[in-house]
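Before any comments, here is the structure.
The values are calculated or read from the model by the stated rules, or taken from the named source; none is laboratory data. Just so it is clear, the structure is predicted and the values come from calculations on it, not from any experiment. Here the Cβ positions follow ideal geometry from the backbone for every residue, glycine too, while neighbour counts run over all protein chains shown. We work out accessible area using only protein heavy atoms, side chains counted, and drop any ligands, DNA or RNA first. Shrake-Rupley method; radii C 1.70, N 1.55, O 1.52, S 1.80 Å.
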Amino acid sequence: MHELAMAQSITEVVVKKARENQARQVNTVRLLIGDGSGVVTGPLTFCFEMIAGTEPLLTGARLEIERVPHRARCRVCATEYTIPDFVICCPNCGRWESEVISGTELQILDMEFEAENEQGVQLCQN
Amino acid sequence: MPKLTIAQNILAANDTYAAGIRQALAPRHIFSINFMSSPGAGKTALLERTIERLGGQLQIGVIEGDVETSADAERIEAAGASETVQINTRGNCHLEAHMVQAALDQLDLDRVELLIIENIGNLICPNAWDLGEDLRVVITSTTEGDDKPSKYPQMFADAQVVVINKIDLLPYVDYDLEKARRQVLALNPQVRFFEVSCRTGAGLVEWCDWLADFARREVTSGSKELQR
Ligand SMILES: Nc1nc2c(ncn2[C@@H]2O[C@H](COP(=O)(O)OP(=O)(O)O)[C@@H](O)[C@H]2O)c(=O)[nH]1
Ligand SMILES: [Mg+2]
Ligand SMILES: [Zn+2]
């Protein structure tokens, strides 16, 4: 159940950022997850909601997940293609010499939150 | 509503620990390996056989990951490891770099040239956590069925070495070596294979010779970059 550990890492980062930015409530967290990362959307959302339920700053927070296709480019004929089930064979020339160009992402993109004090919001980017 | 850009890898905290481990091991010329497999494929058995054969020429340190108990660490010590530390994850399905860092703090690194980390038996979860290793070895065995590489592609795709263990049982099980190899090559054309039996010793000379050479080459070239 590596999605649980992933959800824990996400909430740690988000809670830290929320505190730094005097957030009262985090509403949405957006992620970029590659299809080649091995992370499944359903379990990740489930685990995130479970942990969010125990953290006041994250009560009711939603996870929005953008998936990135797992794609490769053939080093021989330059064909770009979506990798089926991790098998990195070029559908055009049949060679096994491709490089993965996307789909390994595991990124926290951004979050939307309600500030403690609506007037003086100062975004702290680190 | 304020929006804050985070743009950070989910496992950034783990990657920081992993980078710290590489920084600690590289100047000491310690070569490190992450052993991964499903439960019972033979990680501990391969460790024991490797230590018995190479222990005389290389100082081998072992970090033994297990959900509970220290039974495997005791087997490893009996085989003659220079240094052994047990990590019990208490239910966690994989090792993380901070656990390895904590284990390293308990090892006398002056007595280690080759560090082998036995991950938790699981073909899915450990893959995403970089432990600061130089080499990933996936062990699969003839009793698990020859379809494992296709069913758990990611771990096989990211390994530099695949060891097929328990070849002594080939006459008794329905396992097609060629089929298993083909599946792995489809995921990972550059992979290096070894076929061994930790019971009879078949194939272990090739594995140990290659490992000893590889560890020495890494040490002399000082190149610690994982070639993925
Ligand atoms: N027949 C046979 N049994 C083996 C071999 N290697 C390991 N075993 C047995 O498989 C079981 C699991 O091995 P172990 O090393 O504990 O697996 P681990 O869970 O991956 O660490 C033990 O009972 C071993 O004795 C082998 O090459 N042949
Ligand atoms: Mg074991
Ligand atoms: Zn091609």
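What distance in nm separates the simple spin-label points at A:D85 and B:L177, each placed 7 Å from Cα in the Cβ direction?
2.4
Multiplying the sequence separation of B:H29 and B:W210 by 0.36 nm and subtracting their Cα-Cα distance, what value in nm do you get? Don't skip to the end; give the middle numbers.
On the way: separation 181, 0.36 × 181 = 65.16 nm, distance 1.78 nm.
Here the segment from B:H29 to B:W210 would lengthen by 63.4 nm.
Provide a whole-number value for the mean count of partner chain Cβ atoms within 10 Å of the Cβ atoms in peptide B:8-15. Walk me through the numbers on the way to the answer.
Working: counts 9, 6, 18, 5, 5, 3, 2, 0.
Neighbouring Cβ atoms belonging to other protein chains average 6 per residue here.
Pop the C-beta distance of B:M1 and B:D168 into the FRET formula with R0 = 56 Å and round what comes out to the nearest 0.05.
Values: r = 64 Å, r/R0 = 1.14.
That gives a FRET efficiency of 0.30.
Taking the Cα centre of each part, how many Å lie between segment B:138-155 and segment B:92-106?
Cα centroid to Cα centroid, the span is 25 Å.
Give me, ordered by chain and number, the residues 5 or more places off A:T79 or on other chains with an amide H under 5 Å from its own placed amide H.
For A:T79, whose amide H was placed from the backbone, the distant partners under 5 Å are A:C74.
Let me check against my output: what whole-number percent is the relative contact order of chain B, with C-alpha pairs under 8 Å and at least 6 apart? All intermediate terms of the calculation are to be shown ahead of the outcome.
Values: 425 pairs, mean separation 54.6, N = 228.
24 percent.
With a 1.4 Å probe and every protein chain kept in, tell me what percent of the accessible surface of the protein assembly as shown is carbon plus sulfur.
48
Please give the length that would be gained between B:A12 and B:A202 if that part of the chain were fully extended, namely 0.36 nm times their separation in residues minus their C-alpha to C-alpha distance (nm, one decimal).
Working: separation 190, 0.36 × 190 = 68.40 nm, distance 4.13 nm.
Here the segment from B:A12 to B:A202 would lengthen by 64.3 nm.
Going Cα to Cα from B:K179, which lysines come in below 17 Å? Please leave out same-chain ones fewer than 8 positions away.
Leaving aside lysines fewer than 8 places away in the same chain, those within reach of B:K179 are B:K148, B:K151, B:K166.
Give the lysines whose C-alpha is closer than 19 Å to that of B:K3, dropping any in the same chain fewer than 8 places away, or say none.
A:K16, A:K17
Compute the helix-to-body angle for A:2-20: its Cα long axis versus the longest principal axis of chain A, expressed 0 to 90° and rounded to tens.
It is inclined by approximately 40 degrees.
Find how many whole Å separate the alpha carbon centroid of segment B:15-56 from the alpha carbon centroid of segment B:169-185.
Value for the Cα centre distance between the two parts: 26 Å.
Just for chain B, what percent of DSSP beta bridges are antiparallel, to the closest 5?
Working: 0 of 30 bridges.
That works out to approximately 0 percent antiparallel.
So, in nm, how far is label B:L109 from label A:E116 when the simple model puts each one 7 Å beyond its Cα toward the Cβ?
4.0
What does the extension gain come out to for B:E52 and B:A78, with contour length at 0.36 nm per residue minus their alpha carbon separation?
Numbers: separation 26, 0.36 × 26 = 9.36 nm, distance 0.95 nm.
Answer, rounded to one decimal: 8.4 nm.
Which whole number gives the average, over all residues in A:9-16, of C-beta atoms from other chains lying within 10 Å of the residue C-beta?
The shielding value for this peptide is 3.
Which is farthest toward the positive dipole end of chain A among A:L32, A:V76, A:C89, measuring Cα position about the Cα centre, with Cβ charges +1 (Lys, Arg) and -1 (Asp, Glu)?
Result: A:V76, furthest along the dipole toward the positive end.
With every protein chain in place, what's the accessible area of A:M50 (1.4 Å probe, Å², nearest 10)?
100
If a helix is a whole DSSP H run, which ones in chain B reach 15 Å or further along their own axis (Cα) and hold a mean Kyte-Doolittle hydropathy of at least 0.5?
Values: long enough: B:12-25 (20 Å, -0.01); B:43-54 (16 Å, -0.30); B:177-187 (16 Å, -0.06); B:204-221 (25 Å, -0.08).
Helices passing the filter in chain B: none found.
Starting from the amide H of A:R71, placed 1.01 Å from N in the peptide plane, find each other amide H under 5 Å away whose residue is 5 or more places distant or on another chain.
So A:R71 has HN proximity to A:I83, A:I101, A:S102, A:G103.
If you count only protein heavy atoms with a 1.4 Å probe, what accessible area per residue comes out for the protein assembly as shown, rounded to a whole Å²? It would help to have the intermediate numbers written out before the result.
Working: 15720 Å² over 354 residues.
The answer is 44 Å² per residue.
Taking every DSSP beta bridge that has both residues in the protein assembly as shown, what percent is antiparallel when rounded to the nearest 5?
Here the share of antiparallel DSSP bridges comes out near 35 percent.
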